[in-house]
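Remarks on the structure that follows.
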Amino acid sequence: MNSNPLPLDQKIAVVTGGGSGIGRAAALALVDDGWTVVVAGRRIAALDEVAALASGIVPIVADVSDETDVRDLFDQTVARFGRVDLLFNNAGVGAPATQFDELTLETWTTVMATTLTGSFLCAREAFRVMRSQDPQGGRIINNGSISAHSPRPLSAPYTVAKHAVLGLTKQLQLDGRPFGIACGQIDIGNAVTPMAARTAAGTMQADGSIRPEATIDVEETGRAVRYMAGLPRGVNVPSLTIMPTGMPFVGRG
């Protein structure tokens with residue numbers, strides 16, 4: 001299956017949405033910890049930029065909302081490296097703030113296709129590989145977001161998708177147990193990425209006001225993923241939240 005076997009201690013990770021932001025930070029942190037990382041995404045130029053930053057990063061173009069692309073992503077990874085030890089299920093998209101009765105089906109479907117269905121498809125393929133490989137098992141880390149627990153105003157598609165990712169995480173924790181497949185979720189608040197660039201300038205609060213919020217360096221999210229990924233077999237972090245100390249999430253703001 002693999003014409004160039006890896007050292008027995010080599011660890012293979014797949015990071016979706018790996019071309020920028022949190023995915024990029026996680027890929028670089030994992031490589032720094034000795035992992036070989038397959039970064040997946042839709043934009044080859046962005047993936048190549050990440051791969052150029054460190055040896056041990058391999059770009060593969062894949063749209064996580066496409067079942068065939070996802071199967072090919074994992075088949076290519078196994079063909080090249082022989083196994084998959086980690087999936088960081090990170091790819092996701094949001095939508096502009098919209099009154100609930102003005103949401104279009106197109107917007108809803110677009111967010112669900114990548115953020116929820118994409119997470120399911122990637123987790124399913126990782127589970128398939130991890131269940132059948134020798135030695136059996138591995139780890140799946142889902143990017144849940146603070147929105148998996150508490151919504152922002154006017155963000156129904158993203159909030160619902162991320163709440164569903166939390167359900168996916170819990171189901172994988174249960175169903176993966178007999179096969180040595182651990183699953184945890186990282187919930188990230190206000191990391192500085194292109195997707196969250198407006199946060200520091202001003203974000204709508206529950207009372208309708210617009211106020212700037214504290215942020216954290218995206219590299220801190222990579223360090224958190226690296227910690228969860230580096231745990232020994234038989235040890236899992238079911239849920240980890242990383243956010244600025246001053247973010248209005250705990251309590252009433």
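Would you tally the residues in region 223-253 being within 21 Å of His149 (Cα to Cα) and assigned to a helix (DSSP H, G or I)?
Here the count works out to 3.
Can you tell me how many residues within region 30-45 are part of a strand (DSSP E or B) and in contact (Cβ under 8 Å) with a residue 60 or more places away in the chain?
Qualifying residue count for the region: 1.
Residue-wise test of (1) among the hydrophobic types (A, V, I, L, M, F, W, C); (2) within 28 Å of Val111 (Cβ to Cβ); (3) touching a residue at least 24 places away in the same chain (Cβ under 8 Å).
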residue	(1), (2), (3)
Leu47	yes, yes, yes
Val50	yes, yes, yes
Ile60	yes, yes, no
Val64	yes, yes, yes
Arg71	no, yes, yes
Thr77	no, yes, yes
Asn89	no, yes, yes
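Quick one: which residue in Arg139, Arg131, Arg152 is more than 30 Å from Gly246 (Cα to Cα) and outside any strand (DSSP E or B)?
Arg131
Based on what the data block shows, is Gly180 modelled with pLDDT of 95 or more, on the phi > 0 side of the Ramachandran plot and surrounded by fewer than 22 Cβ atoms within 10 Å (Cβ to Cβ)?
Yes: the conditions hold for Gly180.
Does Ser119 satisfy being within 30 Å of Gly246 (Cα to Cα), in a loop (DSSP other than H, G, I, E, B) and small (Gly, Ala, Ser)?
The answer is no for Ser119.
Take region 14-29 and flag every residue that is in a loop (DSSP other than H, G, I, E, B) and surrounded by 24 or more Cβ atoms within 10 Å (Cβ to Cβ).
Passing the criteria: Gly17, Gly18, Gly19.
Could you list, in sequence order, the residues of region 75-110 that are of a type in the set (D, E, K, R) and within 20 Å of the chain's Cα centre (by Cα)?
Within region 75-110, Asp75, Arg83, Asp85 qualify.
Please specify each residue of region 36-56 satisfying the condition of being under 20 Å from Asn142 (Cα atoms) and touching a helix residue (DSSP H, G or I) at 6+ places or on another chain (Cβ under 7 Å).
Across region 36-56, the qualifying residues are Thr36, Val37, Val38, Val39, Ala40, Gly41.
The values are calculated or read from the model by the stated rules, or taken from the named source; none is laboratory data. Note that this is a predicted model, so its numbers are computed, not measured. With ideal geometry, Cβ positions are generated from the backbone for all residues, glycine too; neighbour counts draw on all protein chains shown.
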